[in-house]
């Protein structure tokens, strides 16, 4: 992975996953989420749980190790980073990223040429 992360936060569900970013601002954006997306949002609540079955990983701007996103990500076995301030501004839809839920970092995914 590249040396410098795009976003950093609290590591709360271990593992590494790569996929396209899907910014989810609210319930109106749920239909746009596709299997393998990396969900990036401000926060989650129980109404968001259905999305975790589709997501490769989750990144939130708020929360801690006991927040909804952290608990549900661990239950689904997907990497998650919470409290990643500014993640929604730093990431754009469809950009491929790698989420390191063990270290609390989000990186630009490497392309076939080895460059981010």
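Key figures
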| item | result |
| --- | --- |
| Mean separation of Cα contacts under 8 Å (6+ apart) over length of the chain, as relative contact order % | 39 percent |
| Spacing of the two label points (7 Å from each Cα toward its C-beta) at residue 42 and residue 66, in nm | 2.4 nm |
| Protection proxy ranking, peptides 67-80, 44-57, 22-35, average beta carbon neighbours within 10 Å, highest first | 67-80, 44-57, 22-35 |
| 222 nm mean residue ellipticity, helices alone, for the chain (DSSP H n ≥ 4; -39,500 (n - 2.57); rounded to 500) | -3000 deg cm²/dmol |
| Two-site FRET efficiency, residue 75 against residue 3, from Cβ-Cβ distance with R₀ of 25 Å, rounded to 0.05 | 0.20 |
| Region 12-116: radius of gyration over Cα atoms, expressed as a fraction of 2.2 N^0.38 Å | 0.95 |
| Considering only the chain, percent of DSSP beta bridges that pair antiparallel, nearest 5 | 60 percent |
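Read-outs throughout are calculated quantities, based only on the coordinates presented, and are distinct from any laboratory measurement. Not measured: the values here are computed from a predicted model. In this analysis, Cβ positions are derived from the backbone assuming ideal geometry, glycine residues included, and neighbour counts consider all displayed protein chains.
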